[in-house]
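Worksheet: one structure, shown below.
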Amino acid sequence: MKYIITESQLNEKIYDKFLDMLVDRTTIFGGRRHKYDKFKYVAYIQYPHSDNPYDLAFNTSDDYTFISPGRYNLKNWFMLVGIDMDKDYKLSESLWKLYSVKLQEKVKLYIDDFFSE
């Protein structure tokens with residue numbers, strides 16, 4: 001039996017693995033009690049596509065906020081999977097949204113783990 005997949009199915013699988021890789025390489029660290037606006041705790045997020053850590057402030061895994069670098073910082077990373085952000089804005093925008101959703105799952109897990117320690 002032969003299985004035939006379309007180019008779009010192949011791309012979808014590649015993009016999904018790519019986003020998983022980006023999330024895996026994003027590290028969250030340094031959680032501690034510290035007042036940050038309306039939040040009681042703060043940690044840092046280090047993105048694979050940025051040299052600087054950014055703030056993650058939280059009270060619970062349902063009450064948090066984090067800063068991320070501009071989507072355009074991912075331009076070189078998107079080129080790894082053949083996406084030119086300048087030419088294919090809609091695709092890069094949809095992948096950015098999926099990345100954000102996957103990253104939020106990681107943030108919630110970090111916060112839950114922080115309070116379980």
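Which one of these does Phe58 not meet: (1) over 18 Å from Lys106 (Cβ atoms); (2) of a type in the set (A, V, I, L, M, F, W, C); (3) surrounded by 15 or more Cβ atoms within 10 Å (Cβ to Cβ)?
All conditions pass for Phe58, except number (1).
Would you be able to tell me the number of residues in segment 24-55 that are touching a helix residue (DSSP H, G or I) at 6+ places or on another chain (Cβ under 9 Å), within 15 Å of Val107 (Cα to Cα), of a type outside the set (Gly, Ala, Ser) and buried (at least 16 other Cβ atoms within 10 Å of the Cβ)?
5
For segment 22-38, what are the residues that are of a type outside the set (Val, Ile, Thr) and within 21 Å of the chain's Cα centre (by Cα)?
Result: Leu22, Asp24, Arg25, Phe29, Gly30, Gly31.
Among the numbered criteria (1) surrounded by 12 or more Cβ atoms within 10 Å (Cβ to Cβ); (2) over 25 Å from Ser116 (Cβ atoms); (3) free of Cβ contacts under 8 Å to residues at least 60 places away in the same chain, which one does Gly70 miss?
For Gly70, the failing item is (1).
Of the conditions (1) over 18 Å from the mean Cα position of the chain (by Cα); (2) more than 30 Å from Glu7 (Cα to Cα), Asp88 fails just one. Which one is it?
Among (1) over 18 Å from the mean Cα position of the chain (by Cα); (2) more than 30 Å from Glu7 (Cα to Cα), the lone unmet condition for Asp88 is (2).
Kindly provide the set of residues from segment 74-88 that are in a helix (DSSP H, G or I) and either exposed (fewer than 12 other Cβ atoms within 10 Å of the Cβ) or among the β-branched types (Val, Ile, Thr) (or both), ordered by number.
Matches in segment 74-88: Asn76, Met79.
Coordinate-derived values only; no laboratory data. Quick caveat, the model's predicted, so the values are computed rather than measured. Quick reminder, even Gly has a Cβ in these numbers, built from the backbone with ideal geometry, and neighbours come from all protein chains shown.
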